[in-house]
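Here's the structure, in structure tokens; my notes come after.
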2 protein chains.
Amino acid sequence: MSEKEKFVEDIADQEDDFSAWYNQVVRKAELADYAPVRGCMIIRPYGYALWENMQARLDQRFKETDVMNAYFPLLIPRSFLEKEAEHVEGFAPELAWVTRGGGEELEEPLAIRPTSETIIGHSYAKWIQSYRDLPLLINQWNNVMRWEKRTTLFLRTAEFLWQEGHTAHRTLEEAEERTLMMLEVYRDFAENEAAIPVIAGRKSENEKFAGALRTYSIEALMGDGKALQSATSHNLGHNFAKGFDVQFLDSDGERKYCATTSWGLSTRMIGGIIMVHGDKSGLILPPRLAPYQVVIVPIWRKDQDRSTVFEAVERLRKMLKGKVRVKVDDSDNTPGWKFNEWEMRGVPVRLEIGPRDVQNNNVVLVNRMDRSKEVVSIDALEARLPEKLEEIQKALFQRALDYREQNTHYTEDYEEFKQIIAEKRGFVRVKWAEDSAAEQAVKEETKATIRVIPFDQPEGGVQGKCIYTGKPATCEAIFARAY
Amino acid sequence: MSEKEKFVEDIADQEDDFSAWYNQVVRKAELADYAPVRGCMIIRPYGYALWENMQARLDQRFKETDVMNAYFPLLIPRSFLEKEAEHVEGFAPELAWVTRGGGEELEEPLAIRPTSETIIGHSYAKWIQSYRDLPLLINQWNNVMRWEKRTTLFLRTAEFLWQEGHTAHRTLEEAEERTLMMLEVYRDFAENEAAIPVIAGRKSENEKFAGALRTYSIEALMGDGKALQSATSHNLGHNFAKGFDVQFLDSDGERKYCATTSWGLSTRMIGGIIMVHGDKSGLILPPRLAPYQVVIVPIWRKDQDRSTVFEAVERLRKMLKGKVRVKVDDSDNTPGWKFNEWEMRGVPVRLEIGPRDVQNNNVVLVNRMDRSKEVVSIDALEARLPEKLEEIQKALFQRALDYREQNTHYTEDYEEFKQIIAEKRGFVRVKWAEDSAAEQAVKEETKATIRVIPFDQPEGGVQGKCIYTGKPATCEAIFARAY
Ligand SMILES: [Zn+2]
Ligand SMILES: [Zn+2]
């Protein structure tokens, strides 16, 4: 058995056990590790470098829409959480409580923030006086905590990192506009940076955020046919403004409640990247977000070749510095080991260079997606590499889109629906009459939930009957089992 | 009374009540706000933008020394903190405890991290096997919590933001080298980005980090003559490696303990920037870190002039975009109000532009440090502004350095020492025989502590007697009252 086979054999087969495959890839690629605290994770340098690239691309987009960053406290007084009834009900089971500080029992327990609508509402009430103070557009990058029973690295952990944007507006219309604007930022980020095709739309009543008027989301289909909610954007209407008395004096001299929004994307998205693009050899990272876009592997056998190859590698490194993100693997491991390791870690392009390549002024460029090889002259590399990375970026998106289309089904028959969910999974698009009890019933019978009511609805409205209740359909909805 | 005088009158006089001045500047400049949770703060967008610039400059420096970022959990099991005896003793009084999560009492209480040596030690023990895994160089940007009794925005709050670097090495010498390397990064950052002159050196035994072998720090002198510890770098020796069993197999086949370091700089540094550079009109931000380096204030009286001026301002904005960080104040406030507001918020350069300036193709450039004015042709502005910002950056540093030199005293007489500390404050440099009890006695008698034992010691060693004990001096030490 070759070294390569042996290394790969170490990870589970995607088709046999997707979740084992996922966990092994996360660990072997050194993205993250379980923490010694139940349900918490350690994001290792390689995983965090990916997150930093995601942050930079997303943060830039936020700032282009005039959002500024800020920082609000970690701890939230119990009384704050209780001011919005649906909100506290939604989060209560998942809260972690600080009850002692500085050697004393606290008079009022403090929750570690599960999200910050309440404490931010309190500040906005102080900061906003007049319509001139609006809109107020703030985001924060922070850690939050939700005490989950079952946890999976990145997908569901007690503590996770995210950004939460919070805006306040003069009118409900303006809040709705901002809610949709940020959803579009997420869609653009997911599709163009993470190379993940998503379906954008509205959440059902059952799935919306605790305290929101309306929740929108982008939903992606993972490699095992399950859905992942990849980001959400909430129109909170006047709900939190009323709870925290966020009012402003309008130009007509009247005091009015602000309309507020919130929207977030978390380290969960890293899980999406893994599950959408990964293959049997491990991770495949979209070039725009990859910590290393290119890994250079020097190859030599005879000692006299070593210095020739290393000199060439050093020239390459300098040539590419600042143009693409390059890792040179000059460790003592064998080339075969290095190939496997950097395939596992999902580096989109590998450059192999041996003594003959140096002689011919060439490198061998290997595409992580299909291991296809291309001999490139060193003189052409500076131009070819960025082009190649863009090709891979696009090909990853297209492959994921093809997969999603092949795994999106349509049916008008509930028996067939159940069969698809049980056997094929994927997205199932159906006619639906919005009804919480019916949705709950479908969930109990099939474990599938409405992931999203897509913006993309039939022209002229939906005709026909709800797949479950038989009532006149009000929309088409996408069901799936979800993470 | 003019509008200007009225606005300025709102803040306390630095000489009368420095701490009232400080608090008012923090609030009025909208840097930060107290949170509804005792001792916690909200960093407002303007303060956070400053922090983001600090982060970017510092993070770049870390990465140039091969440090990578990661993320470790917020919560630390009690048993972890107890593994290093001095460490737990040092931090125990300031801990906040999570005792309930997910609706249940926890079996073991979890502390919100006051710093992360312990939980990182636990991970390093798992990740490090061989000398080939060393050095391990990781940093994290995060929130930490220390339940302080008395709090001041930025300077001392229950929760604060910082970075904490943690490295593991093969030898004690290599750890010492890294400890000093990071102190030098901080010195360079403080002096060249924040324009704050600092004294680098070693901490006394009394002032070192709980669990460290040696602590180094950079110390700055604030506008009221009190010292601020601006960053610290700790050589932890084998202390934490032994507590957490961080061992490696060396090339000689022996298992050995790693030598570790940790080093941090926090949002406290923002307090330093305020207190070193600020004046009676408010904040003065060093250009390299200022969220806005330039504010443009359009000036017009007649309506017909308005559009002329605004068109010119728009041209300026476009011309400067991406070259300097510009804010255009196109609000309805009067020019006088705007001048005061942006002086309060410390923008280094103001550009005034009125109808006559437009006609003459000029702007008036005003330096925040001394309100000196300079008429600059619009054509020359793109070249002049970066130059001017650099001049201000250097002038701020020089002014702070002059102030520090004027307020650094030397004495060999303890009575004079007490008088200086009580009346003039500042840094007091004395001959010292290292002795914890003597240091404690001086602290009780004068409230002054050894801020740092500077690297810069007399050539050929210190001659003479300790100012307090009369024993042969072992070093020169710098005492001050401190924040
Ligand atoms: Zn089908
Ligand atoms: Zn003096």
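The values are calculated or read from the model by the stated rules, or taken from the named source; none is laboratory data. What you see is a predicted model, and the numbers here were worked out from it, not measured in a lab. Heads up, the Cβs are rebuilt from the backbone with ideal geometry, glycines too, and the neighbour counts pull from every protein chain shown. We work out accessible area using only protein heavy atoms, side chains counted, and drop any ligands, DNA or RNA first. Shrake-Rupley method; radii C 1.70, N 1.55, O 1.52, S 1.80 Å.
Can we say A:Glu459 is of a type in the set (Asp, Glu) and either at pLDDT 95 or above or in a helix (DSSP H, G or I) (or both)?
no
Just the residues that are out of contact with any helix residue (DSSP H, G or I) (no Cβ under 7 Å at 6 or more places or on another chain) and either open to solvent by 30 Å² or more (accessible area, probe 1.4 Å) or within 14 Å of another protein chain (Cβ to nearest Cβ) (or both), please, taken from the range B:165-176.
B:Thr171, B:Leu172, B:Glu173, B:Glu174, B:Glu176
Across the range B:427-483, what is the total count of residues that are touching a Pro at 6+ places or on another chain (Cβ under 7 Å) and basic (Lys, Arg)?
Selection size over the range B:427-483: 1.
Restricting attention to the range B:420-451, which residues are loosely packed, with under 14 Cβ neighbours inside 10 Å and within 16 Å of ligand 2 (Cβ to nearest atom)?
Passing the criteria: B:Ala422, B:Glu423, B:Lys424.
Residue check: is A:Glu445 over 26 Å from the mean Cα position of the chain (by Cα) and of a type outside the set (A, V, I, L, M)?
Answer is yes for this residue.
Please determine whether any residue of the range B:353-369 is under 23 Å from B:Met54 (Cβ atoms) and crowded, with 21+ Cβ neighbours inside 10 Å.
yes
When you scan the range A:178-191, how many residues do you find that are out of contact with any helix residue (DSSP H, G or I) (no Cβ under 9 Å at 6 or more places or on another chain) and either closer than 10 Å to A:Thr261 by Cα or in contact (Cβ under 8 Å) with a residue 24 or more places away in the chain (or both)?
6
Which one is nearest to ligand 2 (Cβ to nearest atom), of the residues in the range A:402-418 that are open to solvent by 70 Å² or more (accessible area, probe 1.4 Å) and not in a loop (DSSP other than H, G, I, E, B)?
The selected residue is A:Glu405.
Any residue at all in the range B:397-418 that is without any contact (Cβ under 8 Å) to a residue 40 or more places away in the chain and among the aliphatic types (A, V, I, L, M)?
No, because not a single residue in the range B:397-418 is without any contact (Cβ under 8 Å) to a residue 40 or more places away in the chain and among the aliphatic types (A, V, I, L, M).
Quick grid of which residues meet (1) surrounded by fewer than 21 Cβ atoms within 10 Å (Cβ to Cβ); (2) modelled with pLDDT under 95; (3) not in a strand (DSSP E or B):
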residue	(1), (2), (3)
A:Ala241	no, no, yes
A:Lys256	yes, no, no
A:Thr261	no, no, no
A:Met275	no, no, yes
A:Ile284	no, no, yes
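For the range B:234-261, which residues satisfy the criterion of being touching a helix residue (DSSP H, G or I) at 6+ places or on another chain (Cβ under 6 Å) and at negative phi?
Result: B:Asn235, B:Phe240, B:Phe244, B:Val246, B:Phe248, B:Asp250, B:Ser251, B:Tyr257, B:Cys258, B:Ala259, B:Thr260, B:Thr261.
Collect the residues in the range B:126-151 that are over 24 Å from A:Trp51 (Cβ atoms) and not charged (D, E, K, R), keeping them in residue-number order.
Listed by number, the residues that qualify are B:Gln129, B:Ser130, B:Tyr131, B:Leu134, B:Trp147, B:Thr151.
Only one of A:Leu365, A:Leu385 is away from chain B (no Cβ under 14 Å), more than 16 Å from ligand 2 (Cβ to nearest atom) and not in a strand (DSSP E or B); which?
So the residue among A:Leu365, A:Leu385 that is away from chain B (no Cβ under 14 Å), more than 16 Å from ligand 2 (Cβ to nearest atom) and not in a strand (DSSP E or B) is A:Leu385.
Would you check if A:Thr179 is buried (at least 24 other Cβ atoms within 10 Å of the Cβ) and more than 11 Å from chain B (Cβ to nearest Cβ)?
In short, yes.
Pick out the one residue from A:Thr232, A:Thr267 that is outside the structural domain of A:Arg425 (by TED's automatic domain parsing) and either open to solvent by 10 Å² or more (accessible area, probe 1.4 Å) or free of Cβ contacts under 8 Å to residues at least 60 places away in the same chain (or both).
A:Thr232
Please state which of the following conditions A:Thr115 fails to meet, knowing it meets all the rest: (1) in a helix (DSSP H, G or I); (2) more than 10 Å from every other protein chain (Cβ to nearest Cβ); (3) of a type in the set (Ser, Thr, Tyr).
(1)
This table checks each residue for (1) open to solvent by less than 40 Å² (accessible area, probe 1.4 Å); (2) aromatic (Phe, Trp, Tyr); (3) in contact (Cβ under 8 Å) with a residue 24 or more places away in the chain; (4) more than 12 Å from every other protein chain (Cβ to nearest Cβ).
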position: B:Leu50; (1), (2), (3), (4): yes, no, yes, no
position: B:Met54; (1), (2), (3), (4): yes, no, yes, yes
position: B:Asp59; (1), (2), (3), (4): yes, no, yes, no
position: B:Glu64; (1), (2), (3), (4): no, no, no, yes
position: B:Phe91; (1), (2), (3), (4): yes, yes, yes, no
position: B:Ala96; (1), (2), (3), (4): yes, no, yes, no
position: B:Thr99; (1), (2), (3), (4): yes, no, no, no
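Taking the conditions exactly as written (crowded, with 18+ Cβ neighbours inside 10 Å, part of a helix (DSSP H, G or I) and away from ligand 1 (no atom under 16 Å from the Cβ)), does B:Glu391 satisfy them or not?
Against the criterion (crowded, with 18+ Cβ neighbours inside 10 Å, part of a helix (DSSP H, G or I) and away from ligand 1 (no atom under 16 Å from the Cβ)), B:Glu391 does not qualify.
Go through A:Ile421, A:Ile450 for me and flag whichever is among the aliphatic types (A, V, I, L, M) and within 16 Å of ligand 1 (Cβ to nearest atom).
Testing whether each residue is among the aliphatic types (A, V, I, L, M) and within 16 Å of ligand 1 (Cβ to nearest atom) leaves just A:Ile421.
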